[in-house]
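The values are calculated or read from the model by the stated rules, or taken from the named source; none is laboratory data. In this text, all values refer to a predicted model and were calculated from it rather than measured experimentally. Methodologically, a virtual Cβ is constructed for each residue, glycine included, from the backbone with ideal geometry; neighbour enumeration extends over all protein chains shown. Accessible surface areas use protein heavy atoms only, side chains included; no ligands, DNA or RNA. Shrake-Rupley method; radii C 1.70, N 1.55, O 1.52, S 1.80 Å.
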Amino acid sequence: MDVALIYDLMRWEEKKVIEAASRRGLSIKPIDAKSLVLDLSSLNSFSADVVFQRCISYFRGLYLTAVLEGMGVKVVNSFNVLMLCGNKLLTTLRLKLCSIPTPKTVVAFHQESALKALEMFNYYAVIKPIFGSWGRLISLVKDFETAKSVVELKSELHNPLHEIFYIQEFVKRPPRDIRIVVVGLEPIAAEYRYSAGFEWRTNIARGGRAEKCDLTGEIEKLACRVAEAVGGGVLGIDCMESDHGLLVHEVNANVEFKGVSEASGIDVAGRIVEYLSELKR
Amino acid sequence: MVSLGVIYDFIRPEEKMLINEARNQGVEVKLVDAKNIYFNISNSLKNLEDIYLQRCVSYFRSIHITYLLESFKCTVINSFNTALVCGNKLFTTISLLKNGVPVPKTAISFSKSSALKVLDEIGYPSILKPVIGSWGRLIAPLNDPESSLAILESREYLHPIYHLYYIQERVERPPRDIRSLVVDGQFICAIYRYQPPLDWRTNTARGGRAEPCPGVDELIDVSVRAAEAVNGEIVGVDCMEGRDGLVVHEVNNTVEFKNMVRVTGVNIPSAIISYLKRRVRK
């Protein structure tokens, strides 16, 4: 039984997982997704039984996963988890159906109705693309004319997904959010992510700073419920500290865990390797 | 009898009015649909008209055809240079400045981060305008650092022409601007363009309301000088009533004038066609 790690760009995280595996006497074969050719007419051969899928390109990873699962390979994360977590609208919907607290979110499907949706927030709201990472194109607007401009701009991007308007309240919170890393169904570490300078987004990719966050009972319980709701795997759950408790705004199915490893001192890579070995059996 | 080529890609009410007027004045009109023509430029061009009126809606189509016809010694109104300058807000502002025509305070930068630095310097609210484009399209308010960041970031996903950050002060003005028409250095008439209830842009394409505007000395002076600054023969000059007087923010080389005709009653097509006839004789 073989384990492979499929990547398109080798980050700190992928290197650590490979190192942690070799320390445990487990060999993980790195495979560059960009070099793969998969034959859909004979779905019966792949060189690994378990794949840790880590492509930065979401769609590459998603469709690759679909094929591998078709070949009977066990992929972390699964196609269903990726599909759900790669889409903020579907994630919020699932969380809501599982009674997990989320920020107030409104969806519209046209420029004009998007403006009506924004009116519900008095034009002070966050407009998020339903796909994408690192806070890309997430827009905080504060007044009608800016809201109108941003909505107009989305239509100029010539991507129909940008015309699904996912609009969220700007949650009153400290200048940070909390990321919890889950492996399997178990929360293993957490970090605060502080936003940098006049940037309001907390993404580490935008200069955000990681600090240790204790896995309190409240955080652990919430993370377990979220992991259960989306189907488990290696996940990063992002939540905010509102006046009414924690609100979950995102679940990452391709979580970067350098910051949380360093801030918490927890060997996240090692825990992932143990999880992959269990799946192998 | 003069033969006038009218180059168009869409027939708007303006083109219809111009064609009718030309025929009334005994001018032979050759309609040239820019979408249907091609030029084999390795051969010399034949059957050219005495003079062309360039009315293409598409900016790029328009300047390329004008350039080509001018290269083959045709007279095109407006000229390539005028079209090039008027079609680009940065070039326009520079031409106006060099000729002493008052303009809003303007800055240009070439990256998101330098755009944010400019904003630190000139302050909020400001306005971000694409250097190319009409009808107020993609003109965006920069009201605070966070939403400005969102708007500047979105621009990075658009065509490189939108990575030029032309940033202008938000002029304190009444809820309107002024469009005046200048033909052959003469002020013809002007309208106020009131911004519609749910927009701050005054473009009539966005539902802005037109009303007649009296041709006072300051307006005539500024409009004529703006037209001169871009060597415009038939142009629409857009200006705002700032605290210290009029400031010109745009000069249109393919001016839409149906609302001007409607509210001022001035026979603009007649003024234009009469000028084109005079121009041929020059």
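Name the residues in segment A:222-244 that are modelled with pLDDT of 95 or more, within 22 Å of A:Lys104 (Cβ to Cβ) and not aliphatic (A, V, I, L, M), would you? Quick ask: steps written out before the conclusion?
First pass over segment A:222-244, keeping only residues modelled with pLDDT of 95 or more: A:222-243.
With within 22 Å of A:Lys104 (Cβ to Cβ) added as a condition, the list becomes A:222-223, A:225-226, A:229-230, A:237-243.
Answer for segment A:222-244, where residues must be modelled with pLDDT of 95 or more, within 22 Å of A:Lys104 (Cβ to Cβ) and not aliphatic (A, V, I, L, M): A:Arg225, A:Asp238, A:Cys239, A:Glu241, A:Ser242, A:Asp243.
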Of the residues in segment B:156-177, those that are outside any loop (DSSP other than H, G, I, E, B), within 13 Å of chain A (Cβ to nearest Cβ) and surrounded by fewer than 16 Cβ atoms within 10 Å (Cβ to Cβ) come to B:Ile161
Among helices (runs of 4 or more DSSP H) entirely within segment B:80-155, at least 2 residues that are farther than 23 Å from A:Thr202 by Cβ, open to solvent by 10 Å² or more (accessible area, probe 1.4 Å) and at pLDDT 95 or above occur in B:80-86, B:89-98
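Tally the residues that are assigned to a loop (DSSP other than H, G, I, E, B) and either within 14 Å of another protein chain (Cβ to nearest Cβ) or surrounded by fewer than 19 Cβ atoms within 10 Å (Cβ to Cβ) (or both), restricting the search to segment B:197-232. Don't jump to the end; show me each part of the working.
The first filter runs over segment B:197-232 and keeps only residues assigned to a loop (DSSP other than H, G, I, E, B), leaving B:197-203, B:207-208, B:213-216, B:230-232.
When the remaining residues are screened for being either within 14 Å of another protein chain (Cβ to nearest Cβ) or surrounded by fewer than 19 Cβ atoms within 10 Å (Cβ to Cβ) (or both), the result is B:197-203, B:207, B:214-216, B:231.
Of the residues in segment B:197-232, 12 are assigned to a loop (DSSP other than H, G, I, E, B) and either within 14 Å of another protein chain (Cβ to nearest Cβ) or surrounded by fewer than 19 Cβ atoms within 10 Å (Cβ to Cβ) (or both).
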Within segment A:198-225, the residues that are free of Cβ contacts under 8 Å to residues at least 12 places away in the same chain, outside any loop (DSSP other than H, G, I, E, B) and open to solvent by less than 70 Å² (accessible area, probe 1.4 Å) are A:Gly217
Among residues of segment A:241-254 being of a type outside the set (S, T, N, Q) and closer than 25 Å to A:Ile56 by Cβ, the residue surrounded by the most Cβ atoms within 10 Å (Cβ to Cβ) is A:Val251
Checked against (1) farther than 27 Å from A:Asp243 by Cα; (2) in contact (Cβ under 8 Å) with a residue 40 or more places away in the chain; (3) under 23 Å from the mean Cα position of the chain (by Cα), A:Thr105 satisfies every condition except (1)
When every residue in segment B:11-38 that is assigned to a loop (DSSP other than H, G, I, E, B) and out of contact with any helix residue (DSSP H, G or I) (no Cβ under 6 Å at 6 or more places or on another chain) is compared, the one most open to solvent (accessible area, probe 1.4 Å) is B:Tyr38
With criteria (1) of a type outside the set (Ser, Thr, Tyr); (2) within 19 Å of A:Ile127 (Cα to Cα); (3) more than 13 Å from chain B (Cβ to nearest Cβ); (4) surrounded by fewer than 22 Cβ atoms within 10 Å (Cβ to Cβ), A:Phe165 comes up short on (4)
Condition check: free of Cβ contacts under 8 Å to residues at least 12 places away in the same chain and open to solvent by 50 Å² or more (accessible area, probe 1.4 Å). Does A:Ser99 satisfy that?
yes
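Which of the strands (runs of 3 or more DSSP E) found entirely inside segment A:50-169 contain at least 3 residues meeting this: out of contact with any Phe, Trp or Tyr (no Cβ under 8 Å at 6 or more places or on another chain)?
Working: elements: A:50-53, A:74-76, A:105-108, A:125-128, A:139-141, A:165-169.
Here the list reads A:50-53.
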Of the conditions (1) in contact (Cβ under 8 Å) with a residue 40 or more places away in the chain; (2) out of contact with any Phe, Trp or Tyr (no Cβ under 9 Å at 6 or more places or on another chain); (3) crowded, with 17+ Cβ neighbours inside 10 Å, the single one that B:Tyr194 does not satisfy is (1)
Flagged in segment A:226-240 as at negative phi and open to solvent by 50 Å² or more (accessible area, probe 1.4 Å), in numbering order, are A:Glu228
Of the residues in segment A:121-160 that are away from chain B (no Cβ under 12 Å) and farther than 23 Å from A:Cys239 by Cα, the one that is farthest from the chain's Cα centre (by Cα) is A:Asn122
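Looking at segment A:170-197, which of its residues are assigned to a loop (DSSP other than H, G, I, E, B) and either open to solvent by less than 40 Å² (accessible area, probe 1.4 Å) or touching a Lys or Arg at 6+ places or on another chain (Cβ under 8 Å) (or both)?
Taking segment A:170-197 first, the residues assigned to a loop (DSSP other than H, G, I, E, B) are A:170-175, A:185, A:195-197.
Across segment A:170-197, the qualifying residues are A:Val171, A:Ser195, A:Ala196.
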Those residues of segment A:4-27 that are modelled with pLDDT of 95 or more and open to solvent by less than 50 Å² (accessible area, probe 1.4 Å) come to a total of 12
